Amino acid sequence: MKIYLASSWRNQKQPEVVQVLRAAGHEVYDFRNPAPGNTGFGWRQIDPRPPSEWSTEDYRQILASPRAQEGFALDMHALRTCDACVLLPPCGRSAHLELGWAAGAGKRTLVLCERVDEPELMYLMCSHIAVSIDEAAEWLAGYQRVMAAPVVMDLFEIDEGGESHICAARDHAEALELTGIGIDADDEVTVKRLSKTCELASIEIVDEDGGKSTYAQEILGAEKDGRGRLISSTAW
């Protein structure tokens with residue numbers, strides 16, 4: 001599984017976490033060594049002065065420089081193509097921007113919080129908070145098992161008084177249940193099994209009380225389902 005590890009140059013535990021996750025069989029993006037022969041991006045590669053001496057115009061020009069654009073492109077490519085994003089605090093604004101982007105993109109997100117430096121309420125948008133590297137590795141292994149075993153079901157077309165619904169289900173009864181159409185509907189209901197089968201994505205649904213459960217949901221394109229967090233997706 002591809003993992004984007006968001007952290008800080010000042011976090012001395014980052015190299016250890018990279019090695020632990022790689023030893024578990026994951027492909028881990030290391031911003032310190034993002035590509036062969038590349039030792040990562042640093043501001044001093046563009047301007048040797050400390051940032052406190054930059055003007056705002058200096059800063060804008062530095063961000064527009066080819067070296068900054070190259071570093072940004074490497075990180076963003078890894079972030080867009082990852083299966084999960086792991087945040088390793090303590091870290092700064094960039095790492096938290098990366099985590100927020102991943103959560104908004106529907107990717108699985110995990111915070112590895114082995115100590116509390118400063119509480120952060122918005123970590124609640126993440127899929128999981130682990131308090132040890134062993135817990136993080138176990139949780140990621142569970143997600144990898146979900147990704148490796150997509151569910152295959154039939155597509156059903158349900159017609160209720162001229163209004164058509166398409167859903168994926170194991171049988172006619174489940175198709176009616178998933179679309180919310182019961183046998184006591186006012187209009188005539190017909191259920192047609194389509195010849196095409198599809199692979200489904202696993203969707204994590206969070207109810208109002210915070211309870212979580214996982215369902216299979218048909219994927220048309222790569223859209224995130226409005227009811228929950230997309231945790232696995234396959235083509236059909």
Counting only residues in the stretch 31-47 that are in a helix (DSSP H, G or I) and of a type outside the set (A, V, I, L, M, F, W, C), the one farthest from G71 (Cα to Cα) is identified as R44
Here the residues within the stretch 71-93 that are free of Cβ contacts under 8 Å to residues at least 40 places away in the same chain and loosely packed, with under 14 Cβ neighbours inside 10 Å are F72, A73, M76, H77, R80, R93
S52 fails exactly one of the following numbered conditions: (1) farther than 21 Å from G100 by Cβ; (2) under 19 Å from the mean Cα position of the chain (by Cα). What is the number of that condition?
(2)
Looking only at the stretch 103-145, which residues are under 17 Å from E27 (Cα atoms), touching a strand residue (DSSP E or B) at 6+ places or on another chain (Cβ under 8 Å) and of a type in the set (A, V, I, L, M)?
L110, I133, A136, L140
Could you check, for the stretch 72-95, whether at least one of its residues is of a type in the set (F, W, Y) and over 18 Å from R32 (Cα atoms)?
no
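Conditions (1) at pLDDT below 95; (2) within 16 Å of the chain's Cα centre (by Cα), marked per residue:
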| site | (1), (2) |
| --- | --- |
| W101 | no, yes |
| K107 | yes, yes |
| P119 | yes, no |
| I133 | no, no |
| A136 | no, yes |
Just one listed residue, out of V17, V28, is in a strand (DSSP E or B), surrounded by 11 or more Cβ atoms within 10 Å (Cβ to Cβ) and at negative phi, and it is V28
Only one residue in P90, P48 is in contact with an Asp or Glu (Cβ under 6 Å, 6 or more places away or on another chain) and not β-branched (V, I, T), so which one is that?
P90
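The values are calculated or read from the model by the stated rules, or taken from the named source; none is laboratory data. The structure presented is a predicted model; accordingly, all values stated were derived computationally and were not measured. With ideal geometry, Cβ positions are generated from the backbone for all residues, glycine too; neighbour counts draw on all protein chains shown.
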